[in-house]
1. Looking at D233, is it at pLDDT 90 or above and either surrounded by 13 or more Cβ atoms within 10 Å (Cβ to Cβ) or in contact with a strand residue (DSSP E or B) (Cβ under 7 Å, 6 or more places away or on another chain) (or both)?
2. Out of segment 40-72, which residues are without any contact (Cβ under 8 Å) to a residue 40 or more places away in the chain and on the phi > 0 side of the Ramachandran plot?
3. Given the structure, is D270 at pLDDT below 90 and not in a loop (DSSP other than H, G, I, E, B)?
4. Tell me which residues, restricted to segment 336-347, are assigned to a helix (DSSP H, G or I) and either closer than 13 Å to I297 by Cβ or among the aliphatic types (A, V, I, L, M) (or both).
5. Pick from segment 164-184 the residues that are within 24 Å of P246 (Cα to Cα) and in contact (Cβ under 8 Å) with a residue 40 or more places away in the chain: which of them is farthest from the chain's Cα centre (by Cα)?
6. I want to confirm something. Restricting to segment 91-118 and keeping residues that are within 27 Å of L411 (Cβ to Cβ) and assigned to a loop (DSSP other than H, G, I, E, B), which single residue is nearest to the chain's Cα centre (by Cα)?
7. When you go through (1) farther than 23 Å from G241 by Cβ; (2) buried (at least 17 other Cβ atoms within 10 Å of the Cβ) one by one for L161, which number turns out not to apply?
8. Under the condition of being farther than 28 Å from V147 by Cα and either aliphatic (A, V, I, L, M) or in contact with a helix residue (DSSP H, G or I) (Cβ under 8 Å, 6 or more places away or on another chain) (or both), which residue from segment 71-99 is surrounded by the fewest Cβ atoms within 10 Å (Cβ to Cβ)?
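The values are calculated or read from the model by the stated rules, or taken from the named source; none is laboratory data. Remember, it's a predicted structure, so these values are computed and weren't measured experimentally. Cβ placement follows ideal geometry from the backbone for every residue including glycine, while neighbour counts extend to all protein chains displayed.
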Amino acid sequence: MRLPGAQFSSCQKRRYIVHIDLDAFFASVEVLLNPSLKGKPLVVGGLPHERGVAATCSYEARKYGVHSGMPLRECYKLCPEAIFVRGNYHLYQSFSEKFFQILHDYTPDVEEASLDEAYLEFTRCGQLYSSFTEVAKDIKCRVEREVGLSVSVGAASNKILAKLATRRAKPGGFFELQPGEEEEFLRELDISAIPGIGPKAQVMLRLLNVHKIADLWRLPLATLRSLFGVMGDELYLLSRGIDYRPLQTRGKSESFSRETTFLQDVWDRDLLLAHLAYLSDRLALTLRQEKFYAQVIEVKARYSDFKTVSKRRFLSMPVQEMNRIYRVAEELFLELWDKSRLTLRLVGVKGSRLVEERHLSLFEFYQEKDERLSQALDRVRERYGFTAVLTGREKMLGEVYEEDKGRGFILKTASLTR
């Protein structure tokens, strides 16, 4: 029996959305490269005595209650027999790139939600494929064959339903939600399944005896608005499987950032600047690869008491060269660092206000040698690896971190984010 006032996504214009997720991605890569880990509880993100959280864990570890985002020491308490590895972001990124190369072969409408997760829309591809279902299954088989990792795939008429369908398919399965099945599918799901209902919201709702999505249907829209503000409208719709959001296909990026959390709190000024120089170098490389210049440089720092501060500067001439980015980043960082006597646990640098062309100021003399030097540097690194050419300050990190076959230092959390 349909609840009064409840409307479900079957009333929407029929779209075909596929959500695909690499199962326990980081852990699966580690198992693929080291088959002796297969079938064992595995935690990726750091060693059990280190500070930090699990980036991911194998399904064997999850049976003990271990999950992503859990402090490493707590993971160890729940599962002391687990194998802990720090992980290798550059390695995972190479698998991710292959994953997305395959997806882009099937449709231009691909949303890269994260390193290991994507949405694909086939609504505009009706003349290319006789069966979207078979295409979705083919993608799953091809990814597993060519990338070597297990994937879960969900298909439905919109993003929220496709993502929930993938959860039903895990691990390693395929589930397609048919039109008209939305109400029955959603009814018994826990409210935590809906994106946006975090721990605090869950506590509030459970106090109102709302545990399942069907329970949420009984709350009037006015009540949801009073509890959650504008988010109440979104919860009202998503809980009914109504989701008009388009895919966020890769368009013009708004910013790029590079940051890392340290293995241990750092006080040494030179070591902090070495990290900042390396992150500035990584940021500069990304800007050149993506053919952007940054007009705003921002530095971020997190102290040992978890207080996070940042400082930014608008530049009259946009930049993409490492030395120019670092020069600004160093000045901003020292202004932050000099105001505190606490050790730091994280540092990062971001470029924003991106532009595709650099127009010279009448009052500044731009030297082309910096740009030519950067281009030459990129060619050397493309042939011999990123660490083939580093500044003296960056080389300090070689005393702290291992290298990944010339591709870069293996930081605790590379956080190579867009």
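1. Considered against the rule, which asks whether it is at pLDDT 90 or above and either surrounded by 13 or more Cβ atoms within 10 Å (Cβ to Cβ) or in contact with a strand residue (DSSP E or B) (Cβ under 7 Å, 6 or more places away or on another chain) (or both), D233 comes out as no.
2. Answer for segment 40-72, where residues must be without any contact (Cβ under 8 Å) to a residue 40 or more places away in the chain and on the phi > 0 side of the Ramachandran plot: G65, G69.
3. no
4. L336
5. Only one residue fits best here, namely G180.
6. L115
7. (1)
8. Step by step, filter segment 71-99, then rank; the result is L78.
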